[in-house]
Amino acid sequence: MSYITGPEVVSYACTCGLLKPIPQLYFCRHCSQLRCGFCVCHEVDSIFCGKCSENIPSAEARVKKNRCASCFNCPSCHQELSTRIATKGPVVNPEDAKQPSPHKKTYYLSCYFCRWNSRDVGIPDQGSATGAWPERENVHAHRLQEIMDTYKQVMMSQKQQKENDKKKQRGKFVSFTDRTGVTSSAIRKRIGLPDIPHAMLKKPNPPEPAVAKLEVEELPDSLFTDPVNLLEITTIEQRHLQPETQAATVDMLFPIHKQLSIKRSLRCRRCEHNVSKPEYNPNSVKFKIQLFAYYHIPEVRIVTVEPLRAGKTCELILKFTNPTQHETTIAIKYVDLEQQATYVEEQKLSDVIEVLEQLSLQQPTSLPSLSGSQPSSLLSLTPRQPSITVKPRKINEEVNCDVAIPDSSFILPPRDDAAEYDDSTDTHNIEDDPKLVKWRKSNKAFIKLQVTPMAHLEVGKEVICGFTMQHIYTNVIATTIENKLPQKYEHNVRVFLRLGNVVGQE
Amino acid sequence: MPIYEPLSSEKLTVVLDIGTAFTKFGFTSEFAPRYIIRSEVRCKRTNKIRKLSSYESPEDLHDLLVDFIHAIYFKFALISPKDRPIVIVESLLCPTLFRETLAKVLFLQYEVSSILVLPSHLVALASLAVDTAMVVDVGYKEAVVFPVCFGLPIIQAWQALPLGGEAVHNHLKSLLSNANPGLQNLPEQILEDIKVRCCFVTKKSRTKSADIVPPPDVKYPYKGAQTLTVTGKVRETAFEVLYEEDNDHLCLSTMILDALLKVDINLRHSLTQNVFLIGGTTMTIGFKARLKEELLSQLKNEQYKMLNIKEFKFHVAPCKENYASWLGGSIYGATEFLNLKAVTKDFYLREKHLPDWINLKDVVGLKQDNGIRGAF
């Protein structure tokens, strides 16, 4: 597992130019390109609570402010709080001692990590486990709501005015109500209702402006004499956990509802297909769609490296593993960093053209569809806008070691899970170049390469070498009906290896 | 997942106020940010925490912001950023590189539909419902003073000095290493914690007289077994750096008075009657009282006598000061203003930049449009 969490020894260049180890890469089968977290489109798939593992629909999550209704976090150390039972003993009533009242269970919240509990801050114990724990309200809410409503009205009337101005400019059309002389206000008068203009057109009366005061909060004199108990004063993190109150002392900390978590689905920006989509169930760690590069691209691992000396050729043994169900042929080629640079330039040019095309396309289509008599709820269902692809960048890696490019290629048999347990049938009918392939077993091959760190490298400098791995990729998705056979084509991946540091002479 | 999306017309819109030290994040039409988090990300290459402001190159900043916005949307907001508007509250003095990179990240990487950029000093007044005030923002990196008159920030009168949380931290560090010999390189988090929990702004009278009884010392636990002694003198002098005049005779109080001098004479009175202090540093105990004292004593100086001011009146925000401008952004974002004035993706793709008051090209366009900033 160390190669997953440890330093990035073997890294692959994503199409966007970033270097990542293979577990962090995706492979879009539709574009046959490597993708990484940086160049795919992330989307929120489902929302759940990490503690009670309950799925929460996004509408409900929005109402609950993205927090779980029943799980709480400790306001002091931000760990999860647990509900504890505090049983009150049977109340022995001296008058009717024969009938002891039943046990009454009450609950309180407690943190197992820092021993904070809800009794510390004076929250009364609750009768039920999920308890209606008291919530605190913003004391300024009323005033702020009033202000916000006024601002909304101001903007609304401004917008209305703008629209009215536009209507006046047209002028060609004569309103039917004007011709008949029956305007809405006339009708109202006839019926006998008071004449009120539209609620939004009413001139909003501005809220009472806040009044500045001469006096400000004075420094309490007790500060100069009373000793400070650090345990009673909250830290800045504790304050920021509750932005509304930002309590300065510990006795004002209230339990915090636990923040919900999400599952993400990832989408290729070029073809809009998903490269990763999790299952809906929060307990499941499986995926509906998982196009991880790990399942499609041969994996490279370093087996041994001879001590690296500047200018001296040494032997490097790599292990190649074929993760697919199809036989593949791998050729090792020279890595061309210029190639990526030209690719970056090409993309820049094509982007400009694309943007121009997009603009010319959007303008005619956007208007008529919206102005029709569609109900407004349908407007939110407008189709997905095409994504903007992330601009590729140059590969930022200094290769300081030459790799002798072998003349021949080698074949990797398909992965066979049963072969792992079968020692007897390890025979291959593959003719290998003995100079290149050192040993092979099922879908793995050990390859010998000659590498030469550049002569000018100092002792202790890290040696990085790179090569382009060309492998035959078999695309199994039958995109077209007439073409049923799986398509095979060559796919190039640039692989960079951190071989270690240069050592001194023998 | 679109099927779980409700069909209601009201969309959640993120309001973001990215400060140098802390970022305030929440949604429009709410009265408090959901989270106040540090403006920093974990660097994937070195696995160290890096501040957003510590960028070395535009590409570096781009990558930092990509990671940061990713955390904002997928860890806290829990919505997909694509095709949604976003409200950004920023200082009028925000570096062009930062705002352009932010726009690039939001439009191209996260594909938001539009960005509404709001000047922090102006929108902070929204929660007070006043349109003329002297807004003093004392944050982490700097203190910025902007007079706002009738809903328009007076740009020629702005004042800024590197006085804020960072200056206090540096001052506190030197004070502590003087008091505790052998103590070097205290991490900033510890300094911040000492500042927040032990220090306060003292009275002006106490700074002059030599024979005062200092407040009690504090034993601050450090690195498990060790203790740091935060002496009473350190506790009350840590914030003095904000009020000491520098070589140019500038400090927090002179900034406000200098800004007043640059404003039209008829506006000065109403500005002094409406001083609004925002920013996290102003929440320190005793900060406002001391600032008032300093202002009144500075008025006796020759250069400020012509102002002919007798008093200052201070506003009390209906919120905590550290998110006052965020709250303004939340109120603005809840109105139609968002649809009317936001910079859309089409506009950005065509113009390739975010409109700014400093850019003459945009100023011409703005005149026809009646001004993006200060439409209320």
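The values are calculated or read from the model by the stated rules, or taken from the named source; none is laboratory data. Being a predicted model, the structure only gives us computed values, none of them experimental. Positions of Cβ are backbone-derived with ideal geometry, glycine not excepted, and every protein chain shown enters the neighbour counts. Calculation scope for accessible area: heavy atoms of the full protein, side chains included, ligands and nucleic acids excluded. Shrake-Rupley method; radii C 1.70, N 1.55, O 1.52, S 1.80 Å.
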*Taking a spot 7 Å from the Cα of A:LYS65 along the direction of its beta carbon, which residues of the range A:229-255 have an amide N less than 20 Å from it?*
A:235-255
_Give me the inter-chain shielding for A:38-48: mean count of other chain Cβ atoms within 10 Å, whole number please._
4
_If you fit an axis through the alpha-carbon atoms of helix B:324-334 and take the longest principal axis of the Cα set of chain B, what angle between them do you get, 0 to 90°, nearest 10?_
20
*Extension gain (nm, one decimal) between A:VAL459 and A:PHE113, 0.36 nm per residue minus Cα-Cα*: 119.7 nm
*Percentage relative contact order, the range B:165-241, counting C-alpha pairs under 8 Å, at least six apart*: 40
_How shielded is A:152-158 by partner chains, expressed as the average number of their Cβ atoms within 10 Å of its Cβ atoms?_
5
*Pop a pseudo-label 7 angstrom from the Cα along the beta-carbon direction at both B:MET306 and A:ALA248 and give the gap in nm to one decimal.*
4.0
*Report B:THR28's accessible area, 1.4 Å probe, all protein chains in place, as a number in Å² to the nearest 10.*
20
*Mind checking the full-extension length gain between B:ASN178 and B:ARG206? Use 0.36 nm per residue of separation minus the Cα-Cα distance, one decimal, nm.*
8.0 nm
*Using a simple spin-label model with points 7 Å from Cα along the Cα→Cβ vector, what separation in nm is obtained for B:VAL316 and A:GLN470?*
7.7
_Distance (nanometres) between label positions extended 7 Å along Cα→Cβ at B:GLN226 and A:GLU272_ = 6.0
*Computed FRET efficiency, Cβ-Cβ of B:LEU250 and A:TRP439, R0 51 Å: what is it to the nearest 0.05?*
0.10
*Run the 1.4 Å probe and let me know the accessible area of A:TRP439, rounded to the nearest 10 Å².*
140
*Choice from B:ILE285, B:ILE190, B:ILE212 showing the highest fluctuation, given a GNM over chain B with Cα pairs closer than 10 Å*: B:ILE212
*List the GluC sites (Glu not before Pro) within the range A:111-153 that fall in a DSSP loop (any state other than H, G, I, E or B) and whose Cβ has at most 16 other Cβ atoms within 10 Å.*
A:GLU135, A:GLU137
*Please give every one of the lysines within straight-line cross-link reach of B:LYS310, meaning a C-alpha to C-alpha distance under 21 Å, and leave out same-chain neighbours fewer than 8 residues apart.*
A:LYS213, B:LYS203, B:LYS204, B:LYS262, B:LYS288, B:LYS292, B:LYS300
*Let me know the mean shielding of B:311-318 by other chains, meaning the per-residue number of their Cβ atoms within 10 Å of its Cβ.*
5
*Give, as a single signed number, the net charge of other residues whose beta carbon lies under 11 Å from the beta carbon of B:ASP63, with Lys and Arg counted +1 and Asp and Glu -1.*
0
*Compute, for A:ASP402, the solvent-accessible surface of its heavy atoms (probe 1.4 Å) with the complete set of protein chains present, and express it in square angstrom to the nearest 10.*
80
*Return, ordered by residue number, the residues of the range B:143-170 whose backbone nitrogen is under 19 Å from a label point located 7 Å along Cα→Cβ of B:ASP258.*
B:143-148, B:154-168
_For a Förster distance of 60 Å, can you work out the FRET efficiency between the beta-carbons of A:ASN492 and A:GLU217, rounded to the nearest 0.05?_
0.35
*Mind scanning A:LYS258/B:LYS173; B:LYS208/B:LYS233; A:LYS286/B:LYS48; A:LYS65/A:LYS263 and naming the pairs with a C-alpha gap bigger than 25 Å?*
A:LYS258/B:LYS173; A:LYS286/B:LYS48
*Taking R0 as 60 Å, what's the FRET efficiency between A:TYR295 and B:LEU340 from their Cβ-Cβ distance, rounded to 0.05?*
0.75
*Cβ under 12 Å from B:PHE150's Cβ, B:PHE150 left aside: what net charge do those residues give with Lys, Arg +1 and Asp, Glu -1?*
-2
